[in-house]
Every structure is written in structure tokens, then in C-alpha cells.
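Everything below concerns the one structure shown next.
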Amino acid sequence: MALLSLVEVVTAIRDEGIEIQQTEVEGFVQQDWVIPLHEEGAYFFDEADKARIELIIELRRDMAINDEAVPVILNLLDQLYGLRRTLGEIRDAVRELPPDWRSAFEKRLSNSLGE
Amino acid sequence: MSDLYSTLGVSRTATADELKRAYRKLAKELHPDLNPGDKTVEQRFKEVNQAYSVLSDPETRKRYDAGEIDSSGQERPSRGFYRSYADAGMGGKYHGFDAEAAEDIFSDLFGGFGRGRRAGAGRTPRQRGADVSYTVRIDFLEAVNGARKRIQLADGKTVDVNIPAGTREAQTLRLKGQGLPGLGGADAGDAYVEVHIEPHRFFTRKDSDIHLELPVSLQEAVLGASISVPTVSGPVSMKVPAGANSGTTLRLKGRGTVDQKTGERGDQYVKLKVVLPEKPDAELTRFMESWGKDHAYDPRKKAGLL
């Protein structure tokens, strides 16, 4: 997938109907809320970076989250998505287990999760 | 699509401010990136977003109210939410699996991630041994003061368990590596020992404090005395103040058991119980007859029982 320059990412986000200023994106990058590729003095954004910018815009504009609270939410979300990835890895590993181990694991899990 | 006002849960006469508040509340609740894995929120979020984009602009709101535009107008181009990239494994720089961050959870599993997890690939799968559970009954004083207790495991092995001072009822102790053996060179499981404490003949315990009801004689209570009191760490001398009564509670500081959270010692509380002589005593009876005439008092009234 092609990476987008700063100008391109701002245009692409505006095309989706979300109002945004270039300086806002620069601010997000300076505060490490978004970490684009940084090469030869220019920034390059991938699709995940773009979606993350949109999320930050919506946190601030639509949910009235102030700039002090944005990094708190991003940090918790990053942990949440990290855990989801880890859980996904564990699910894949469990699928590869021998059937009796797998059923023992599932039994243990459904016991402790109260299902 | 249904009515835009009902999508936002507001009346048709809602003010711009009410619209904004309703929208913010729903956005916080329904934003797909705040609800990873919930497929239903995305459609609702889109509807709410669209409703607000029509109604928040007074011009388009007027036209919508007049029936000039319908609720599905102004379709927005579809977009990818952050969660779809995050869950697809993109954006790993923001939330890559951090072995150290999960160390507390995975430290005893496969020897921790990142260290030797790959080493087992292609060989016998490494499988940590299962955990096993036991219960052990211990004396009140063993729990209070700590003790070593020998218990027999399922495989006939005996193991010495260190009961820490201040152990609580139903507390579980972990014996690392004393569970079933692991496979493929993996660690053995752990044994979990649940402790049950026998009650004591006269001590009771509340958290790290010890409570004791102590009988005292009539003369000790009236005149005061220095008496010997049993504590969990042996007898100590305690001063009973003159005029002490049944129910008077005295504190022996630091004579309790250890609070395992804070490491501090609790206290012993001694509740006095005045006990008359076992056999009726003629002299005491005579004294009471004459003393009682001039010193009537009604403790039941004072206690609010009448």
C-alpha cells in the first residue's frame, strides 16, 4: 500500500468528510500520538496512521476529550489492541494443540469464565 | 433509515445544544475504535454520525424538517476504522506485543515469551505440567505465629510447607514446581495448598488483631490489679485499672499477628469479664445487703433496656 505524505493524508481525510487542518496532524506527530515513517525530513503515513488520526480527531471533536486526556485514552487503547493481538496468538496456538489438550484448555477456561 | 431525531434519541424540538450532547454521548458509546470486536456498533455509529451531520447544520435541518431531503441524504464515503488495522496486525508500532509488559502473566508459562519460545519448534511440544491443589488444617497459633508443616502430596512425596505468620483462613499458598511434571522439558506445574485454621480454645482473631475474653475476680475489678494474661506469643503482665467492669476492653499493643499486606503487627484486645466467687460467700452477702441499701443503681436502665 502506498504511503501518504502529510498533504496527501490531510486531503484523504477531508475527502471522507472529516474536517482537519495540517497543523493538527503535525501536532499529533509532535506529541507521538501518531508515529509516521520519518525520512529525509518528510513524514509518510500508512492506512493505520490515517485511521488513527481520524480516531484522534473524533475523540477531540465528537467526544469532547481534551488534549490532556487523549494520550491516556490512546495508551489504554494501544494496550487493549495489544492484548487482543496476544489473545489472537493464543487462540491460534490453542487451535494447534492435540484435541484432548485443547478440550482440557477449553473446559478450564469456560469454568473460570463462568460460562 | 429511520427518523434522524429518533436515531439521536432527541425530540424534534431539540436545541442545537441538546443535539450536540446527545451526539457526544452516543459517539462515546458507539465509536467502533472504542469497541473492538463488536460488529454491531459500526452501523449504528454511521447512522448517528449521519443524523448529526444533517441536523447540526441549521440549513440542512430546516430542509430535512420540511421534507426536502430524506434521512439517507448526504451519504458519506466509507472509511476504514482504526480497529480494522489494529486487529489485522497493522500499527504494531503502537501496540506490538511487549513481552515485558505481559511478564506478570506469562512469566511462568513456557519460561516467558521471547525467551526460548521458538526453541521448541519442531520438537515435542513443550507443555507445562498441570497444577494440583491440596488443603491442610493448621492450629490457630501456627497460623498466627507461622510454622513449617509437612504435607503428603498425591504422588506420595512429602513436602515441607512454610506457613507464614499471619496466614488467613482459606489462604492459598503456592508451592512452585510441586505440581505434575511438564512435557518436552517444560516446567512442572505448581501445587496450591489451601489453609484451614482450627479455632482456638480462647483466642479469636479479626484480621491481624487477637481478641480474648478474660475472667477477673470481683476484687481485681473493683480495686485494680496487675495480672498475667496469655497472648499468642506467651503470657504478659497487664494492669487492670481500679473500677474496671465486665466488657471493659484493654489493648495490648503489638501482641496480635502479622498483617501480610503491611507487615505490621496487630494488637491483642482483652475484654474483661467480672466473675463472682464460685460459692456464695456469707460475708460478701452481708456486705452487699448493707451496701446495696445506700448505693442502688440500675444498669438496665442505663443500657436502655427499660
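Computed from the coordinates by the stated procedures, all read-outs in this text should not be read as laboratory data. Predicted model, so just to flag it, every value in this text is computed and none were measured. Cβ sites come from the backbone with ideal geometry, for glycine too, and all protein chains shown count toward neighbours.
Structural remarks
- From helices alone, the protein assembly as shown scores -11000 deg cm²/dmol at 222 nm; the rule is -39500 (n - 2.57) for each run of n ≥ 4 DSSP H residues, then divide by the residue total.
- The range B:177-231: chymotrypsin sites (Phe, Trp or Tyr not before Pro) falling in loop per DSSP and having at most 16 other Cβ within 10 Å: B:202
- Under a model in which nothing but the beta-carbon of Lys, Arg (+1) and Asp, Glu (-1) is charged, the range A:68-115 shows a dipole of about 160 debye around its Cα centre.
- The range B:132-197: C-alpha pair distances exceeding 14 Å, %: 55 percent
- Spatially proximal aspartates and glutamates relative to residue B:149 (Cα-Cα < 19 Å; intrachain offsets below 8 disregarded): B:139, B:160, B:169, B:190, B:194, B:198
- Gaussian network model of chain B, Cα within-10 Å springs - most flexible of B:254, B:184, B:80: B:80
- Partners of residue B:271 within straight-line reach, counting lysines whose Cα lies under 16 Å from its Cα and excluding those fewer than 8 residues away in the same chain: B:206, B:239, B:253.
- Relative exposure of B:291, A:101, A:33, judged by other C-beta atoms within 10 Å (fewest first): B:291, A:101, A:33
- Applying both filters, DSSP loop and at most 12 other Cβ atoms within 10 Å, to the trypsin sites (Lys or Arg not before Pro) of the range B:210-253 gives B:253.
- Antiparallel DSSP beta bridges within the protein assembly as shown, percent to nearest 5: 65 percent
- Inter-part distance where the range B:190-207 and the range B:1-70 are each reduced to a Cα centre, Å: 59 Å
- Of the residues A:93, B:147, B:226, the one whose Cα sits farthest toward the positive end of the charge dipole of the protein assembly as shown, with +1 on the Cβ of Lys and Arg and -1 on the Cβ of Asp and Glu, is B:226.
- DSSP bridge orientation in chain B - percent antiparallel, rounded to nearest 5: 60 percent
- Projected area, mean over directions - chain B, Cα convex hull, nm²: 34.0 nm²
- Basic side chains Lys and Arg get +1 at the Cβ, acidic Asp and Glu get -1 at the Cβ, and with that the dipole of chain B about its Cα centre reaches some 400 debye.
- Two-decimal log10 I(q)/I(0) for the range B:252-297, as the Debye equation yields it once each C-alpha is a single scatterer, q = 0.13, 0.14, 0.25, 0.30 Å⁻¹: -0.57, -0.59, -0.93, -1.03
- Dipole of the range A:1-66, positive end: most advanced residue of A:17, A:43, A:5 [Cβ charges, Cα centre]: A:17
- Likely footprinting exposure, B:31, B:200, fewest C-beta neighbours within 10 Å first: B:200, B:31
- Sequence-distant aspartates and glutamates (8 or more away, or on other chains) whose Cα lies within less than 18 Å of residue B:293: B:283
- For residue B:194, distant residues with modelled amide H under 5 Å away: B:134, B:135, B:136, B:173
- Ordering B:294, B:281 by the number of other Cβ atoms within 10 Å of each residue's own Cβ, fewest first, gives B:294, B:281.
- Per-residue Karplus couplings for the range B:295-303, computed as 6.51 cos²θ - 1.76 cosθ + 1.60 with θ equal to phi - 60°, are listed in order as 10, 4, 8, 10, x, 5, 5, 5, 7 Hz, Gly and Pro entered as x.
- A simple rule links phi to the HN-Hα coupling: the Karplus curve 6.51 cos²θ - 1.76 cosθ + 1.60 with θ = phi - 60°, which for the range B:211-219 gives 10, 9, 9, 10, x, 10, 6, 4, 5 Hz, with x for Gly and Pro.
- Longest stretch of chain B clear of exposed loop sites (GluC sites (Glu not before Pro), DSSP loop, at most 14 other Cβ atoms within 10 Å, sites excluded): B:170-263.
- Computed over chain B: relative contact order in percent, which uses C-alpha pairs under 8 Å that are six or more apart: 11 percent
- Placing unit charges on the Cβ atoms of the charged side chains and taking the dipole of the range B:139-274 about its Cα centre, the candidate lying farthest along the positive direction among B:238, B:210, B:166 is B:238.
- GluC sites (Glu not before Pro) restricted to DSSP loop in the range A:1-106 with at most 10 other C-beta within 10 Å: A:19, A:40, A:68, A:96
- Nearest-0.05 FRET efficiency for residue B:62 and residue A:24, computed from C-beta distance (R0 25 Å): 0.25
- The value for the protein assembly as shown of Rg(Cα) / (2.2 N^0.38 Å) is 1.64.
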